[in-house]
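Presented below is the structure to which this report refers.
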Amino acid sequence: MSLASAWAREDLDALSARGLRRYLEPLDSPQGPVVRVGGETLVNFSSNDYLGLAGSPSVRAAAIAALERYGTGTGASRLVVGDTTAHHRLEARLAAFERAEAVLLFNSGYAANTGIVPALVGPGDAVFSDALNHASLVDGCRLSRARVVVYPHADVEALTRALADTPARRKLVVTDTVFSMDGDVAPLREIVEACEAHGAALMVDEAHATGVLGARGAGLCEELGLEARVDLRMGTLSKALGGMGAYVATSRAVADLLVSRARPFVFSTALPAALCAAAEAAVDVVEGDPDLRARLWRNIRRFAAGLRELGLHAEARSAVFPVILGEPGRALDAARRLREAGVLVKAIRPPTVPEGTSRLRFCLSAAHTVGHVDLALDALRRVGVHHG
Ligand SMILES: Cc1ncc(COP(=O)(O)O)c(C=O)c1O
C-alpha cells in the first residue's frame, strides 16, 4: 500500500467512526422534483434547483443552440482566448437584472468567493465574517491573509463593536443573505448601516436568494431596496438559475480590478458558452414568469405550516428548511427512514454545519407539486422526527 493510501485509510476510518464519512450516489435521471437513484424513484428535497430551471425546455434549448455554435470547451481563460460573445451577453443581461453598473462572471460560487475577497483585502486589512457564512466565503477570508474577525451569527451589535474596535487599513464585511444550511436571512439593513457608519465595504452572497427573493427575483438586496448600498452582490447560476457558474454585481472599477486580480478568474479556463446561454435564458424566465416564484412560495408556506403542525420550528423566509437532529447518526438514520417512505433528503453533518447540529436540510422547489410537499410532511410525521 502506498504511503498516501495508508494516510487515507487512517483518516477514512476516523471519519467513519464519527459518522462523518461521505459517499457519492449517482442519479440515473435529470435533476428534478422526482429523481431515480440507486434503482429507486424518490421525491427530491435536496436540490438547490429552486425554480426547476435545470430541466426547463427554454433553458435547455438555449444551451443546445450555444453548444452547436461554440462547441464544448473554451480552450483558455477569458484573458487568453476563452472569452466569447456569450459571456458578454450574459454579463449585460445580469447587469440589467441586478440593476448594477457592472457584472463579472466566475466559474462557480466557490471560485467567486475565494477570488473576490483576496482581490480586495490583504495583510493590514480586516474582514468581518458571519459565523455561519458558507465555506467558500470562509476560505476567501483565509486566502486573503487579512485579519479575519468572525462575528456571532446575525449579531449586528457584535459586528458594530468589532468594526469600531479593530484597527485596519481597509474593512470589508462579508455575509450570506440567505444562510445556506439554516435558511434564515441576514439582518441586511442593519448591516448596511453598520458598514456605512464605520467606513466598511460590504459584500453579500445571494446564492440562495437569487431567483427566490425580491419582486423580480434578484435577491434580498432587491427585496429591501438596498442594491445601491451594497458594494458587491455575488449570485450563483447554479441554484435557482438551474445551471453552473456565478457572478458579482458591482461597480465598473471593482469588476475591472477583479479581471486583473481575482485568481480563479485569471488562472482558470472560462465557463463554457453553452452555460452562459443557459443562464441568460434562465434569467429571462425568472424575470418574465413571476408565477414560477409564486409556486415556489406556495410550497414554502405549505411546508412551513406543516412543520409547525409537527411541533418543529419553521420560518418561511427562504426555500431552505433545516430539521436539526444533533448527532450525525440521528440525521443519517432519519434520512434513511424518510427514504424508505419515498423522500430523498440528505443528512448534513459537520464540517458543513457546527458540531451537534447535524440535520436534514429540506429544499423546496417550484417544480414540487402540493402532493410532493404533503408526502414529505406525512413521512416526517410517520418517521416521528422531532427537534434536537
Ligand atoms: C451560500 C453559498 N455560497 C456559495 C456557494 C458555492 O456556489 P457553487 O456551488 O456555485 O460553487 C454555495 C453552494 O454551493 C452556497 O451555498
Task: Odd one out for Arg78, checked against (1) touching a His at 6+ places or on another chain (Cβ under 7 Å); (2) closer than 30 Å to Val343 by Cα - done: (2)
Open item on the list: Checking the condition more than 25 Å from Leu172 (Cα to Cα), basic (Lys, Arg), away from the ligand (no atom under 16 Å from the Cβ) and within 24 Å of the chain's Cα centre (by Cα), which residue from Arg69, Arg99, Arg89 passes?
Closed with: Arg89
- [ ] Name the one entry in Val34, Val43, Val59 that is touching a His at 6+ places or on another chain (Cβ under 7 Å) and not hydroxyl-bearing (Ser, Thr, Tyr).
- [x] Val43
Open item on the list: Please return the ranges of helices (runs of 4 or more DSSP H) entirely within region 1-118 where 2 or more residues are within 22 Å of Asp205 (Cβ to Cβ), modelled with pLDDT of 95 or more and out of contact with any Pro (no Cβ under 8 Å at 6 or more places or on another chain).
Closed with: 85-98
Task: Subset of region 214-228 [in a helix (DSSP H, G or I) and surrounded by 24 or more Cβ atoms within 10 Å (Cβ to Cβ)] - done: Leu220, Cys221
Open item on the list: Just the residues that are surrounded by fewer than 21 Cβ atoms within 10 Å (Cβ to Cβ) and of a type in the set (S, T, N, Q), please, taken from region 164-175.
Closed with: Thr166
TODO: Taking the options Val80, Val150, Val117, name whichever one is among the hydrophobic types (A, V, I, L, M, F, W, C) and more than 21 Å from the chain's Cα centre (by Cα).
DONE: Val80
Open item on the list: Go through (1) in a helix (DSSP H, G or I); (2) within 16 Å of the ligand (Cβ to nearest atom) for Gly211 and report which single condition fails.
Closed with: (1)
TODO: Could you list, in sequence order, all residues of region 229-249 that are among the small types (Gly, Ala, Ser), open to solvent by less than 20 Å² (accessible area, probe 1.4 Å) and either in contact with a strand residue (DSSP E or B) (Cβ under 9 Å, 6 or more places away or on another chain) or away from the ligand (no atom under 13 Å from the Cβ) (or both)?
DONE: Gly235, Gly245, Ala246, Ala249
- [ ] Kindly provide the set of residues from region 77-91 that are surrounded by 13 or more Cβ atoms within 10 Å (Cβ to Cβ) and not acidic (Asp, Glu), ordered by number.
- [x] Ser77, Arg78, Leu79, Gly82, Thr84, Ala86, His87, His88, Arg89, Leu90
Task: Residue check for Leu226: more than 16 Å from the ligand (Cβ to nearest atom) and either touching a residue at least 12 places away in the same chain (Cβ under 8 Å) or under 27 Å from Ala95 (Cβ atoms) (or both) - done: yes
Open item on the list: Of the conditions (1) surrounded by fewer than 15 Cβ atoms within 10 Å (Cβ to Cβ); (2) small (Gly, Ala, Ser); (3) touching a residue at least 24 places away in the same chain (Cβ under 8 Å), Ser318 satisfies every one except a single condition; which number is it?
Closed with: (1)
Task: Selected residue (criterion: surrounded by the fewest Cβ atoms within 10 Å (Cβ to Cβ)) from residues of region 130-163 that are assigned to a loop (DSSP other than H, G, I, E, B) and within 16 Å of the ligand (Cβ to nearest atom) - done: Ala131
Task: Answer from Tyr50, Tyr23 - the residue that is within 23 Å of the chain's Cα centre (by Cα), free of Cβ contacts under 8 Å to residues at least 12 places away in the same chain and under 30 Å from Ala334 (Cα atoms) - done: Tyr23
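The values are calculated or read from the model by the stated rules, or taken from the named source; none is laboratory data. Everything numeric in this text was worked out from a predicted model, so none of it was measured. Note: ideal-geometry Cβ built from the backbone for every residue, glycine included; neighbour counts use all protein chains shown. Accessible surface is based on the protein model in full, side chains and every heavy atom, while ligands, DNA and RNA are left aside. Shrake-Rupley method; radii C 1.70, N 1.55, O 1.52, S 1.80 Å.
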